[in-house]
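Participant: Following this message is one structure expressed as structure tokens.
The values are calculated or read from the model by the stated rules, or taken from the named source; none is laboratory data. Note that the structure is predicted; figures quoted are calculated from it, not measured. Note that we place each Cβ from the backbone using ideal geometry, even for glycine, and neighbour counts take in every protein chain shown.
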Amino acid sequence: MPQYHRQGDIPRKRHIQFRNQEGKLYAEELVSTHGFSNIYSLIYHCHPPTMVKSLGEPFSREPKVVAQRFLKHQSFLGFTIQAEDDYIDSKKAVLVNNDLHISLAAPRKSITDYFLKNADADEVIFIHRGSGVLKTIYGTIEFGYGDYLVIPRGTIFQLHFNDEDNRLFIVDSFTAVEFPKRYLNSYGQFEEHAPMCERDIRRPQNMKTHNETGDFKVMIKKQGIVYPYIYATHPFDAIGWDGNLYPYAFNIQDFEPITGRLHLPPPIHQTFEAHNFVICSFVPRMYDYHPLSIPAPYNHSNVDSDEVLYYVDGDFMSRKSVTQGQITLHPAGIPHGPHPGTVEKSIGKTETKELAVMVDTFKPLWLTEEGIKIMSDDYYRSWIEE
């Protein structure tokens, strides 16, 4: 996040003595990105964050890729993904490549018996169903329907859900997830033409210091392997912190759509970017207002990117038989477009209530074993006119 934020107590200067009431030094930790040349935060712990008591047996959560080369439009019925009690078990990677993993999850239970740390990737967790609280050393963030939770890699966290009906669309990015640079000025402030502003970003609040010792399990994921670590101190033992690196929430309904007299291309929906892919938000908006405009999109050949659409809510006017939680994949190399009859049907319409998340990748996506389980075989035939 380009915005500076702070919680709790911190010393006036960096890297100076900072003691508790008994005269003991707090343990300063620098959490940095790109070595020492990008955004960072400084955390002040009650205890050193390095006190490891024991290690558990590692286990793999590497996706099983079944097809790296294919050329076929695909559809996945996301809500048929199996629900699991445990969060780690519930997370099923459906489409992957070396830049990102796209997963679905339906966890029934909160993360309470352990803490989770993704040392591989920034996580963008889109909340389709469910609500609760994201708990981190930086503070807490309440979340609900339509929220993007952006959790930087290396953040130790827990997700506490309010009930068992939870549906999540998750993007693990192996590079930093950021807001589009074209929407930021040289000081990192959103420009006036941006479809979001600082007031839309929900940052961690209500930081609570857990000055506790004991056995605290942290499940650390690195290179697809989960390593159980037992620490001697509570992971959320900070007395204070400040900086620009922290988790945050942004709700898709706070994305202000950009519209025009004629149909505008998908980049106007862009919400986040990372190396070799972007995330876009399709939200309720007014249609084009030229007297001869066609609201439905034109046919499009993806020369350079694979297009993934995750359908959230509303009537997606260019598609037929779309269901909540469905994912469509339109790979580079072949055209895709509106389904038969939807172009004429769209003429004269003034607005859409659709809600969807799009991921465009600039390297081909690969199919996984979990993706095959929920795939519809005949989607590629859905453009045949009857």
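Participant: Taking Ile88 as meeting all but one of (1) of a type outside the set (Lys, Arg); (2) modelled with pLDDT of 95 or more; (3) not in a helix (DSSP H, G or I), write down the number of the exception.
Facilitator: Going through the list (1) of a type outside the set (Lys, Arg); (2) modelled with pLDDT of 95 or more; (3) not in a helix (DSSP H, G or I), Ile88 breaks only (3).
Participant: Give the residue that is modelled with the lowest pLDDT, with candidates limited to residues of the stretch 349-386 that are surrounded by 16 or more Cβ atoms within 10 Å (Cβ to Cβ) and acidic (Asp, Glu).
Facilitator: Among them, the one singled out is Glu354.
Participant: Also: Out of everything in the stretch 247-271 that is among the polar types (S, T, N, Q) and touching a Cys at 6+ places or on another chain (Cβ under 8 Å), what residue ends up being nearest to Ile294 (Cα to Cα)?
Facilitator: Going through the qualifying residues, I end up with Gln270.
Participant: Here's something else I'd like to know. Please tell me if Glu84 is crowded, with 16+ Cβ neighbours inside 10 Å, in contact with a helix residue (DSSP H, G or I) (Cβ under 7 Å, 6 or more places away or on another chain) and of a type outside the set (A, V, I, L, M, F, W, C).
Facilitator: Yes: the conditions hold for Glu84.
Participant: Hey, can you tell me all the residues within the stretch 34-71 that are touching a helix residue (DSSP H, G or I) at 6+ places or on another chain (Cβ under 7 Å), exposed (fewer than 14 other Cβ atoms within 10 Å of the Cβ) and basic (Lys, Arg)?
Facilitator: Lys64
Participant: Then there is this: Output the residues belonging to the stretch 210-227 that are over 18 Å from Leu159 (Cβ atoms), assigned to a strand (DSSP E or B) and touching a residue at least 60 places away in the same chain (Cβ under 8 Å).
Facilitator: Thr213, Asp215, Lys222, Ile225, Tyr227
Participant: When the residues of the stretch 293-316 are narrowed to those that are at pLDDT below 90 and within 23 Å of the chain's Cα centre (by Cα), which ends up surrounded by the most Cβ atoms within 10 Å (Cβ to Cβ)?
Facilitator: That would be Phe316.
Participant: Tell me which residues, restricted to the stretch 257-272, are in contact with an Asp or Glu (Cβ under 9 Å, 6 or more places away or on another chain) and either closer than 17 Å to Leu149 by Cβ or assigned by TED's automatic domain parsing to the domain that holds Gln205 (or both).
Facilitator: Result: Phe272, single match.
Participant: I need every pair where a residue in the stretch 1-20 that is farther than 16 Å from Ala249 by Cα and in contact (Cβ under 8 Å) with a residue 40 or more places away in the chain has its Cβ under 8 Å from the Cβ of a residue that is of a type outside the set (Ser, Thr, Tyr) and part of a loop (DSSP other than H, G, I, E, B), sequence separation at least 6 or different chains.
Facilitator: Within 8 Å, the pairs are Gln7/Pro204; Gln7/Met207; Gly8/Met207; Ile10/Phe18; Asn20/Cys46.
Participant: I've got another one for you. If you take the residues in the stretch 184-207 that are charged (D, E, K, R) and touching a residue at least 60 places away in the same chain (Cβ under 8 Å), which one is surrounded by the fewest Cβ atoms within 10 Å (Cβ to Cβ)?
Facilitator: That would be Glu198.
Participant: Here's a follow-up. Could you tell me which numbered condition Tyr138 fails, if it satisfies all but one of (1) of a type in the set (Phe, Trp, Tyr); (2) surrounded by fewer than 23 Cβ atoms within 10 Å (Cβ to Cβ); (3) under 26 Å from Lys208 (Cβ atoms)?
Facilitator: Status for Tyr138: all satisfied but (2).
Table: residues versus (1) part of a loop (DSSP other than H, G, I, E, B); (2) free of Cβ contacts under 8 Å to residues at least 12 places away in the same chain; (3) in contact with a His (Cβ under 8 Å, 6 or more places away or on another chain); (4) among the acidic types (Asp, Glu).
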position: Pro257; (1), (2), (3), (4): yes, no, yes, no
position: Leu262; (1), (2), (3), (4): yes, no, yes, no
position: Glu273; (1), (2), (3), (4): no, no, no, yes
position: Asp288; (1), (2), (3), (4): yes, no, yes, yes
position: Leu292; (1), (2), (3), (4): yes, yes, no, no
position: Pro295; (1), (2), (3), (4): yes, no, yes, no
position: Val303; (1), (2), (3), (4): yes, no, no, no
position: Glu307; (1), (2), (3), (4): no, no, yes, yes
position: Val312; (1), (2), (3), (4): no, no, yes, no
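Participant: Now a separate question. List, please: which pairs have Cβ atoms under 7 Å, are six or more places apart or on different chains, and start with a residue in the stretch 121-133 that is among the β-branched types (Val, Ile, Thr) and end with one that is not in a strand (DSSP E or B)?
Facilitator: Val124/Val177; Ile127/Gly144; Ile127/Tyr145; Ile127/Gly146
Participant: Inside the stretch 26-64, can you point out the residues that are assigned to a strand (DSSP E or B), more than 25 Å from the chain's Cα centre (by Cα) and farther than 19 Å from Lys208 by Cα?
Facilitator: Of everything in the stretch 26-64, those that are assigned to a strand (DSSP E or B), more than 25 Å from the chain's Cα centre (by Cα) and farther than 19 Å from Lys208 by Cα turn out to be Val52, Lys53, Ser54, Leu55.
Participant: Among the residues of the stretch 277-299, is any closer than 17 Å to Lys363 by Cα and either in contact with a Lys or Arg (Cβ under 9 Å, 6 or more places away or on another chain) or outside the structural domain of Leu367 (by TED's automatic domain parsing) (or both)?
Facilitator: Taking every residue of the stretch 277-299 in turn, at least one turns out to be closer than 17 Å to Lys363 by Cα and either in contact with a Lys or Arg (Cβ under 9 Å, 6 or more places away or on another chain) or outside the structural domain of Leu367 (by TED's automatic domain parsing) (or both).
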